[in-house]
Structures are given as structure tokens and as C-alpha cells.
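Structure first, then comments.
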Amino acid sequence: MSKKPFYVTTPIYYVNGQPHLGSAYTTIACDVLARFMRMDGHDVRFLTGTDEHGQKVAKAAQDAGQDPKAYVDDLVKNFQALAKAMGTSNDDFIRTTEPRHIQAAQALWNELEKRGDIYLGSYAGWYAVRDEAFYTEDELRDGPGGRKIAPSGAECEWVEEPSYFFRLSAWQDRLLEHYQKHPDFIRPSFRRNEVISFVKSGLRDLSISRTTFTWGIPVPDQKSEGPRHIMYVWMDALTNYIAALGYPDTQAPLYRHFWPNALHVVGKDILRFHAVYWPAFLMAAGLELPNKGIFAHGWWTAEGEKMSKSLGNVIDPIELVRSYGLDPVRYFLMREVPFGQDGDFSKAALIHRINGNLANDLGNLAQRVLVQIQRNCDGVMPDPEELHTHDEALLGPAYGLLPAVRDAMDDLAFHKALDEIWHVVSLANRYLDQEAPWALRKTNITRMGTVLNTSAEALRILGILLIPFMPETMGRLLDQLGVPADARGFSHLDPAHTVPPGTRLPAPQGLFPRIEE
């Protein structure tokens, strides 16, 4: 039976700035999901990359006295380093300056123009360079000195220039119809309601080219005299999701296999572009929409305050990993806040999770079981006798974990998946305390072996299910449990794949050192 295809994407990160906690958060979430789906039998394609065009980059390159391409070539290394530092298992990394992407964006433009959805006009209105976004008068508020401020807080400027337009207004009803027929197309549900409200308020045709700067993809086959047009950066950027699959060749193997089996994970600030503009472009080009939809996550504050350079509280995710370890950081970000909600990062909360959930709960459980096997069973997996009711009360929930974890992961409810897993961690610790194998060594050595074998089996299940969240540390745990590298998939989560009695185990090593505050 062929595996079900699953295509997951991060937004392509805008290079004009350092990677921050938000970009690491999205990348880690997509990585956890990609790893989980691979282990659950799906054929996964995981894409990330960088958005390198636009006025903001052009101005920053000019200020730095550099050619824009040389400038972005330097910056993109920061985002490639981030992907590596976060342990990302992406299959591809796309840059919008690559020939494959430029070809795809121009092909999409030509298709929209051929179908009558692009026309030439002139634009006059408010534009935020920082957001690379257009705003209507009623979306703005007055700022100091009479300046106009966008909902994002970005300053807007009045722009007048010739422009090509996309007939976005023509797709309003069909977008609303799609949202109605596919209620999970935009998640979480409260974000869906925001988008529907925006679309119902009336869509205006979208300016999709600029003439006041040149750093972007040229509009193909321009028929007008006058200034040369480049594509609006969002028209360019959104195309990356299909460019990476081989578009405009819709018969390309990757495109045929993975599109439209796609999930786009984005920050809430760019939801409008993904939930309104992108599906409208696809509909207008006669292409299928991503059938797993769009999921918008929330923002992180730092110690109760918005992160900003001026406050000096921007969190460097790579430095965070250096200080606390990659897997503890991955665990914290996925456990602390429901994905989709805003969250507050504090070092105290991170240390609490590391010392409590990881060191005390899971790490101590593993250490106690493995040390007992090393000391009292000569480092060999003991042979269990017939299981008692207490043993079944632990193994039953452990063997039954996958469906509940899978349901949570389907909803991108990472915290719920971890709650389900930690329920069994708690059961295993309670079981070990009640059965006290260190005492059974003196009174019933056969029963001691059963308890240790049962505890090790629970740990094996937990270790496999936690691989997507903490791949390196769970790899070490499963090594210490004697689990072969080729027996760590979800198809091995049953009694038939328990570690055979008599298997020699290596000397135990601690998994999660406690953090001294």
C-alpha cells in the first residue's frame, strides 16, 4: 500500500532581520509534525526557506552599500543556521532568488493574465514598507506628527504609481463558499472567523506590481510603455509552495504526488496573505487549494513584554539552545502554550519545565529503571513472569496512547499530545513507587524482574512517541533500552516488539540534567 502524501511548509522567512523566537517556533512545530507523520506511515515533504525580495531589502542593501543579491546571500546563512540549530528535518530549502522560483512566479503571473485576472492601472493608497502590505484608510490610525499607522504598528506612506492589479474582488464569493464548505481550511476557528469577517467586508482588487524600485522578479512580457514593473513581494513569495514542487510543470513527480496535500503553518500576522490572497491566486489559475489548509499560530512575548530591539529583550533561539539544550527548548515551546494562542516566554517557566517534566518526571523514571536493571539484573533485560493487574494497568494505557496522540497532532494541539504522553509518565512513576523493585530484590527477585521489564516496556513506548519532539534525547533513551534503530516507528508500538529478555543493555546515562537557577 502506498503511503499517504503529506506536505508541510513553514512561511518563507523574510531575510531582512535576525531569526528570532517566532521563526524558531514555527520551524520546530513543523518539524515535530513532519517527524510524527513520517513515523505514522506518511510520505512527508517538509519545506522551509527565505523570502529575499522587496523594498525593505532593497533599502537595507543600499544603506549597507551592497548589491542586493550579495546582501541576501549573506543574510540567508542565518536562516539556514537556524534550521540546523533547531534540529530541522526539512527536505528542501527554497530561496525566492533561485531560478526555479522566479520561473514559477512568472508562470503563475502569465496564467492569471491569460485568464483575464490581471489588468494594468495605477495605484494610489497607503503602503507599509515594513509589512510589505497595502492598507485601506479605515484600517489605519493616526500617529505622532500626523503619520498613518497600520494595525501592525508599522508606519505607512502614501504611494502613487502605475500598477498591475489582480481581480481579487471577483473571487470574494468563491472564497466565502470555500471557507463554508471546508470549515477546517483556516485554523484555529477564531482566526477563521476573522478572515471571513474581513472578506465579507468587501475585497478590493489587489495591486501586484511596483515601479519605484527594481529588487524583485520582473513582470513577464510587459506590454506597456513607461517604467518597468516588478512583482509585488507577496505575489512572488506565496508561489514558493508550488515552485518547490516543480510548478509550472504540473506533471512533475513532486507536484503530482504532494499537491494539494499541503498544510501551510504561518504566524497570525501573515494569515490574510495566506488565507485570502493565496487561495484566490490558485483559484484564478485553475489550481487546487491546499486541502489541509492554513494554521496560524500566536506570538510570544518575553517576560510579559512585547519583544523589541529597543527593549533589548529579543530572544535569540540559537543562544537559548546553547544555554538549555535543543530538546528541552523544543519540548518547552510545544508544551507551554496551546499552538494557535499567544504565549509568554520566561526563563523561569523554561527551567520549571526542564526540572519538573523532564528531569524529575521522565529523566528520573528512566534513570531509576535502568540503574535497577544494571545493578540487580547484571545489565540484562529481565524475563517477566505472568503479568499482574498492576502491570496491565500501566501497559494498557501505554499501548493505547497512539490514537489519542494522533488525534491531538491532527489538530496541531501539541500540548495535548504531550499531556497524553505525560499521563503515562505519571502512571509509570506511580507504578514504580508502588511496586518498589529495590525492595523486591530481597523478597521476590522474579517479581522484581517483571516490574523492571514492565517499566522498561512503558519507557520504550514513551521514548518512541516522544521522538518527534525530542529526537536526539529519545534516541539516547532507546539506545539504553536496547531498542534497535530500525524498530522505532509507530508500527512497533505493540507487545510483539518488546525488547527480548536477555538483551544486554549499556550502562545508563542521565537524560536531562537539572538546571540550577
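Annotations for the structure displayed:
- Screening LYS292 with (1) over 17 Å from the mean Cα position of the chain (by Cα); (2) farther than 29 Å from GLY116 by Cβ gives one miss only, at (1).
Here's the yes/no breakdown for (1) aromatic (Phe, Trp, Tyr); (2) open to solvent by less than 30 Å² (accessible area, probe 1.4 Å); (3) more than 29 Å from PRO468 (Cβ to Cβ); (4) in contact with a Lys or Arg (Cβ under 7 Å, 6 or more places away or on another chain):
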| residue | (1), (2), (3), (4) |
| --- | --- |
| ASP51 | no, yes, no, no |
| ALA61 | no, yes, yes, no |
| ALA64 | no, no, yes, no |
| GLN80 | no, no, no, no |
| ASN90 | no, no, no, no |
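- Filtered by the rule that a residue be free of Cβ contacts under 8 Å to residues at least 24 places away in the same chain and of a type in the set (Gly, Ala, Ser), segment 125-149 gives GLY143, GLY145, GLY146.
- Of all residue pairs spaced 6 or more apart or on separate chains, those with beta-carbon atoms under 8 Å, a first member in segment 495-512 that is farther than 13 Å from GLY379 by Cα and a second member that is open to solvent by less than 50 Å² (accessible area, probe 1.4 Å) and among the acidic types (Asp, Glu) are PRO495/GLU457; THR498/GLU457; VAL499/GLU457.
- Residue list for segment 153-181, filter: under 29 Å from the mean Cα position of the chain (by Cα), open to solvent by less than 40 Å² (accessible area, probe 1.4 Å) and either at pLDDT below 95 or acidic (Asp, Glu) (or both): GLY153, ALA154
- Yes/no for SER122 being part of a strand (DSSP E or B), in contact (Cβ under 8 Å) with a residue 24 or more places away in the chain, surrounded by fewer than 16 Cβ atoms within 10 Å (Cβ to Cβ) and of a type in the set (S, T, N, Q): yes
- Test: residue in segment 235-252 that is modelled with pLDDT under 95, surrounded by 18 or more Cβ atoms within 10 Å (Cβ to Cβ) and under 28 Å from THR212 (Cβ atoms): yes
- For segment 446-501, the set of residues classified as over 31 Å from the mean Cα position of the chain (by Cα) and under 28 Å from PHE332 (Cβ atoms) consists of SER455, ALA456, listed by residue number.
- Residue pairs whose Cβ atoms lie under 6 Å apart, sitting 6 or more positions apart in sequence or on different chains, and linking a residue in segment 28-46 that is crowded, with 19+ Cβ neighbours inside 10 Å to a partner that is in a helix (DSSP H, G or I) and not aliphatic (A, V, I, L, M), are ILE28/ARG330; MET39/PHE490; ASP40/PHE490; VAL44/ARG38; ARG45/PHE258.
- All conditions in (1) within 26 Å of PRO508 (Cα to Cα); (2) open to solvent by 50 Å² or more (accessible area, probe 1.4 Å) hold for ASP407, with the sole exception of (1).
- Considering (1) within 30 Å of ILE186 (Cβ to Cβ); (2) surrounded by fewer than 20 Cβ atoms within 10 Å (Cβ to Cβ); (3) basic (Lys, Arg), the lone condition that ARG330 does not fulfil carries the number (2).
- One residue alone among ILE102, ILE94 is buried (at least 20 other Cβ atoms within 10 Å of the Cβ) and either within 17 Å of the chain's Cα centre (by Cα) or within 30 Å of PRO403 (Cα to Cα) (or both), and that residue is ILE94.
Here is a yes/no grid of residues against (1) at pLDDT 95 or above; (2) open to solvent by 30 Å² or more (accessible area, probe 1.4 Å):
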position	(1), (2)
ARG192	yes, yes
THR212	no, yes
ILE217	yes, no
VAL233	no, no
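- With respect to the conditions (1) touching a helix residue (DSSP H, G or I) at 6+ places or on another chain (Cβ under 7 Å); (2) under 30 Å from PRO220 (Cα atoms), GLY121 falls short on a single one, namely (1).
- Criterion violated by TRP126 - all others in (1) modelled with pLDDT under 90; (2) of a type in the set (Phe, Trp, Tyr); (3) touching a Phe, Trp or Tyr at 6+ places or on another chain (Cβ under 6 Å) satisfied: (1)
Residue-wise test of (1) open to solvent by 10 Å² or more (accessible area, probe 1.4 Å); (2) without any contact (Cβ under 8 Å) to a residue 60 or more places away in the chain; (3) of a type outside the set (S, T, N, Q); (4) closer than 22 Å to GLY510 by Cβ.
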position: VAL425; (1), (2), (3), (4): no, no, yes, yes
position: ASN429; (1), (2), (3), (4): yes, no, no, yes
position: LYS442; (1), (2), (3), (4): yes, yes, yes, no
position: THR446; (1), (2), (3), (4): yes, no, no, no
position: LEU462; (1), (2), (3), (4): no, no, yes, yes
position: PRO471; (1), (2), (3), (4): yes, no, yes, yes
position: LEU477; (1), (2), (3), (4): no, no, yes, yes
position: LEU481; (1), (2), (3), (4): no, no, yes, yes
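- Of all the criteria given as (1) in contact with a helix residue (DSSP H, G or I) (Cβ under 7 Å, 6 or more places away or on another chain); (2) modelled with pLDDT under 95; (3) surrounded by fewer than 19 Cβ atoms within 10 Å (Cβ to Cβ); (4) not hydroxyl-bearing (Ser, Thr, Tyr), the one not satisfied by PHE345 is (3).
- Meets criteria (farther than 22 Å from SER207 by Cβ and either open to solvent by 60 Å² or more (accessible area, probe 1.4 Å) or among the hydroxyl-bearing types (Ser, Thr, Tyr) (or both)) for LYS69: yes
- Failed condition for PHE46, given (1) in contact with a Cys (Cβ under 7 Å, 6 or more places away or on another chain); (2) over 17 Å from PRO11 (Cα atoms): (2)
- Qualifying residue in segment 260-274 (condition: touching a residue at least 12 places away in the same chain (Cβ under 8 Å) and assigned to a loop (DSSP other than H, G, I, E, B)): yes
The values are calculated or read from the model by the stated rules, or taken from the named source; none is laboratory data. Note that the structure is predicted; figures quoted are calculated from it, not measured. No Cβ is skipped: glycine too gets one built from the backbone with ideal geometry, and neighbour counts run over all protein chains shown. In case anyone asks, the SASA skips ligands and DNA or RNA and just uses the protein heavy atoms, side chains included. Shrake-Rupley method; radii C 1.70, N 1.55, O 1.52, S 1.80 Å.
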